[in-house]
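Engineer: Sharing a structure with you now.
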Amino acid sequence: MTKEEFNNLTVLEQLEHVNNLIVEGMSLRNISLGLTMSKTTIRDRFLKIGYTYSKELKQYCKDMSLETQSHQEIIKVPQKANKQVIEPINKVNTKELQKYDSKEKSKGYDKDILELINKKTEILEMLEHYKNNANVIGKPQINISSLPQEMQTKIINKSIKVYEKVYQSFDKICSQFSGIKKQDIISLALYEFCEKYKK
């Protein structure tokens, strides 16, 4: 078929012709060379009517994820060699995925999605546990050695006024580090405050 004859066909007839040539064993490259057209020109024509090339089926198939056609324009193109058209799932929900899986149309990634859906409650529990323990995970441990040695020379007694709730919270944290003296924790906290806000 010449380029002119091919261009005189409707796009759906062109699609059927290309699919027939593929079934006969021709590659897309050889088809485009025979028609003296680029593969992208052919692909773009088919894409405009909602068809994309499926490497698995080695055919141009209707891509349901493309919304390029109105409902009146949708015409089924016959597929050759008893090949099935794989239509993607529009809405991801458990029932549809299970139906999709039961028809044996799914590949590994669909099974992964099903597995994730089946483990949804466990994943949510794990996330909740992480959120509840996020204040513990990732917090640096108190390292009293980060207080410079020259700051640890002379201990003085000072009386300071602190809000009760603040002190209770501080005292609760200090009790978690029973191996460290409270004076060292206070000194380290004041030192880090000074380092952070000094000008």
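Engineer: Hey, with R₀ at 35 Å, roughly what FRET efficiency would Ser178 and Ile123 work out to, going by the Cβ-Cβ distance, to 0.05?
Structural biologist: Efficiency computed from Cβ-Cβ geometry: 0.45.
Engineer: What list of ³J(HN,Hα) couplings, whole Hz, do you get for the range 4-16 from phi and the Karplus terms 6.51, -1.76, 1.60, once you set θ to phi - 60° and write x for glycine and proline?
Structural biologist: 5, 4, 5, 5, 6, 6, 5, 4, 5, 5, 4, 4, 5
Engineer: If I model a spin label as a point 7 Å beyond the Cα along the Cα-Cβ vector, how far apart are those points for Ile144 and Tyr130 in nm?
Structural biologist: 3.5 nm
Engineer: Could you give me the ³J(HN,Hα) list for the range 150-162, computed from phi with Karplus coefficients 6.51, -1.76, 1.60 and θ = phi - 60°, whole Hz, x at Gly and Pro?
Structural biologist: 5, 8, 9, 8, 10, 9, 10, 9, 9, 9, 10, 9, 9
Engineer: While we're on this one: Residues with beta-carbon under 13 Å from that of Leu188, excluding Leu188: net charge, scoring Lys, Arg +1 and Asp, Glu -1?
Structural biologist: Counting the neighbours of Leu188, the net charge comes to 0.
Engineer: Can I ask one more? Report, by chain and number, residues whose modeled amide H sits under 5 Å from the one on Gln59, excluding near sequence neighbours (fewer than 5 apart, same chain).
Structural biologist: For Gln59, the qualifying residues are Ser54.
Engineer: Along the range 181-196, what does the Karplus equation 6.51 cos²θ - 1.76 cosθ + 1.60 (θ = phi - 60°) give for ³J(HN,Hα), rounded to whole Hz, x for Gly and Pro?
Structural biologist: 5, 4, 5, 6, 5, 4, 4, 5, 4, 5, 5, 5, 4, 5, 5, 6
A short reminder: the numbers here are calculations on the coordinates, not readings from a lab. In this text the structure is predicted, and so the values were computed from the model without any measurement. With ideal geometry, Cβ positions are generated from the backbone for all residues, glycine too; neighbour counts draw on all protein chains shown.
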